[in-house]
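Notes follow the structure.
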Amino acid sequence: MSEPELSAAQARAIIESILLTAEDPVSPARLCDVLDGYRAGDVREMVDALNRHYQESGHGLTIVQVAGGYQLATRPDLSVWVRRFHRDRAPMRLSQAALEALAIVAFRQPITRVEIDNIRGVSSVGVLQKLMELGLIRLVGRAEGVGRPMLFGTTKEFLVHFGLNSLADLPKPRELEELVAIGDRQAQDEEQASAATAPPEAGPAPSTAEQAAALGPGRDQAPPGPSGDALAGTSTKDEPASADRLQQDGDDGTQAG
């Protein structure tokens, strides 16, 4: 390999400029193609040097390793102010069903739609289509067997969206259990704090008999109005859709898929 024509300082400046203008993570091999004479290990050292400079100088930027490449990003501790500035930009939001299907694909890939349906217990046609439109999953082949069903897997965009360098960075089962336990504890703490700060509940309203006793004998009293039960019996609010109707809609979606 030929000797580098650029000094280390020049190479660091070039890497910084490339990462600043790149829309997607840039792989070390791509940077080596631009920087003649430098290897992937040299690029790693220069990225580390840039990050040390950012940290020591109090910069708001950092270089992260995502989807097998490098990307210039803002510091995590500044995310509140960055979101405040970009609050008009709608973030990608996934439904609970989409998150379930995406997690199954991420941890069990390659996997067929039928296998996903069996794990979730419901049809996943709609959510899989939505995840494909968002670029988070893709078709990676066909399974062996009757009908050769299609296999689903995650994409590079999935790694970028969740800040993962590779699928090996996905949490392990034990880590997932710890995360769930932490989330449960936080939810309990929030409920206890909310209950402690809630205003005291008002006592029960006095009954008609108690009100009459307070007025004293001989006082004219208006006849009591209709009770809560009577009002409830004459309610005209629309009732929610029945479970049978929702199940019918689900069956229609399954047949459509």
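Miscellaneous remarks
- Matching entry among Val26, Val34 (being of a type in the set (Val, Ile, Thr) and within 23 Å of Asp169 (Cα to Cα)): Val26
- Qualifying residue in the range 154-162 (condition: farther than 26 Å from Pro25 by Cα and outside the structural domain of Asp24 (by TED's automatic domain parsing)): no
- Failed condition for Asn165, given (1) in contact with a Lys or Arg (Cβ under 8 Å, 6 or more places away or on another chain); (2) touching a residue at least 40 places away in the same chain (Cβ under 8 Å); (3) not small (Gly, Ala, Ser): (1)
- Flag for Gly121 being of a type outside the set (Phe, Trp, Tyr), under 24 Å from the mean Cα position of the chain (by Cα) and on the phi > 0 side of the Ramachandran plot: yes
- Any hit, the range 68-81, residues being surrounded by 12 or more Cβ atoms within 10 Å (Cβ to Cβ), on the phi > 0 side of the Ramachandran plot and in the same structural domain as Ala40 (by TED's automatic domain parsing): yes
- Meets criteria (of a type in the set (A, V, I, L, M, F, W, C) and farther than 21 Å from Val82 by Cα) for Ala49: yes
- Hey, Gly126 surrounded by fewer than 11 Cβ atoms within 10 Å (Cβ to Cβ) and of a type outside the set (A, V, I, L, M, F, W, C) or not: no
- Restricting Val160, Val180, Val146 to residues that are among the β-branched types (Val, Ile, Thr), surrounded by 14 or more Cβ atoms within 10 Å (Cβ to Cβ) and either in a helix (DSSP H, G or I) or modelled with pLDDT under 90 (or both) narrows the list to Val160.
- In this entry, Arg174 passes the filter for residues that are more than 14 Å from Ala103 (Cα to Cα), among the basic types (Lys, Arg) and assigned to a helix (DSSP H, G or I).
The values are calculated or read from the model by the stated rules, or taken from the named source; none is laboratory data. Note that this is a predicted model, so its numbers are computed, not measured. Quick reminder, even Gly has a Cβ in these numbers, built from the backbone with ideal geometry, and neighbours come from all protein chains shown.
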